[in-house]
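Asks: First the structure, then my questions, so here it is.
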Amino acid sequence: MPRTALVLRHMHIAHLGNLEATLLNSGYKIRYLDVTTDNPESQPEPDLVVVLGGDMGVYEKLAHPFIDRELDYLRARLTAARPTLGICLGAQLMAEALGGAVEKGHSVEVGFRTVTPTTAGLDSPLRHVAGVPMMQWHGDTFRLPAGATRLASSEAYSNEAFSIGGFALGVQFHPELSAEMYEHWITDGAAELAALGIDGEALRREAERNGPAMEAASVALFSEWLAALN
């Protein structure tokens, strides 16, 4: 029987990207759930939960009431040591669910940036991102929860990736972005980019230079991590 991956989605444009093929090739059947309207607790227990990104902040609980429900679900899952993967907002939600508070960062990071694995990261699937610029699109950060291991940092933020035991992985950056997905983000986020003084054409040139290597690193990273769950 194929294993199941329940994918918690917060925005239509923030989907699995190149991670979808990696999950399928690793033997998973994928099921998306719009967590802003649907309760993940209503779903059959999956083998893996993937928590995707979004433009809301974990601390915006009054504006987004679903966040408390999602945190409760992730807290129970992580406490039970069930396989969980979080990307950007997903990683932040995982951290807060276990006591690592999320807060606004000191800068908004958009574009390809170097992510440096720690010593522990170099001994993990995060080693595949060493020397490969990773796509960032965030303005929030988080403190590591108790029991988490920092796997990577960047010049701007100390917490770029973490693990919990062998069953949970959170990454602040966006290795899942495909070229098509990246273009959609630039187009959809044109007003935000303009407000930040960021040139969309410059981002496209960055993607041409760095996108293929990032996708290759993503496949290697996630394939190895998923294989270790067997």
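The values are calculated or read from the model by the stated rules, or taken from the named source; none is laboratory data. It should be emphasised that the depicted structure is a prediction, and the values quoted were computed from it without experimental measurement. Quick reminder, even Gly has a Cβ in these numbers, built from the backbone with ideal geometry, and neighbours come from all protein chains shown.
Asks: Assess whether T141 counts as being farther than 16 Å from I87 by Cα and hydroxyl-bearing (S, T, Y). Spell out the reasoning first.
Replies: On the way: farther than 16 Å from I87 by Cα: no; hydroxyl-bearing (S, T, Y): yes.
Here the answer is no, as T141 does not meet what is asked.
Asks: Continuing with this model, one more query. Evaluate the following for L193: is it part of a helix (DSSP H, G or I), under 15 Å from M135 (Cβ atoms) and not hydroxyl-bearing (S, T, Y)?
Replies: Numbers: part of a helix (DSSP H, G or I): yes; under 15 Å from M135 (Cβ atoms): yes; not hydroxyl-bearing (S, T, Y): yes.
Judged against the criteria, L193 is a match.
Asks: Here are some conditions: (1) modelled with pLDDT of 95 or more; (2) part of a loop (DSSP other than H, G, I, E, B). A5 meets all but one. Which one does it not meet?
Replies: The one condition A5 does not meet is (2).
Asks: When you check Y73 against the structure, is it crowded, with 19+ Cβ neighbours inside 10 Å, of a type outside the set (D, E) and either farther than 20 Å from F142 by Cβ or modelled with pLDDT under 95 (or both), yes or no? Give the steps one after another, and end with the answer.
Replies: Numbers: crowded, with 19+ Cβ neighbours inside 10 Å: yes; of a type outside the set (D, E): yes; either farther than 20 Å from F142 by Cβ or modelled with pLDDT under 95 (or both): no.
Answer is no for this residue.
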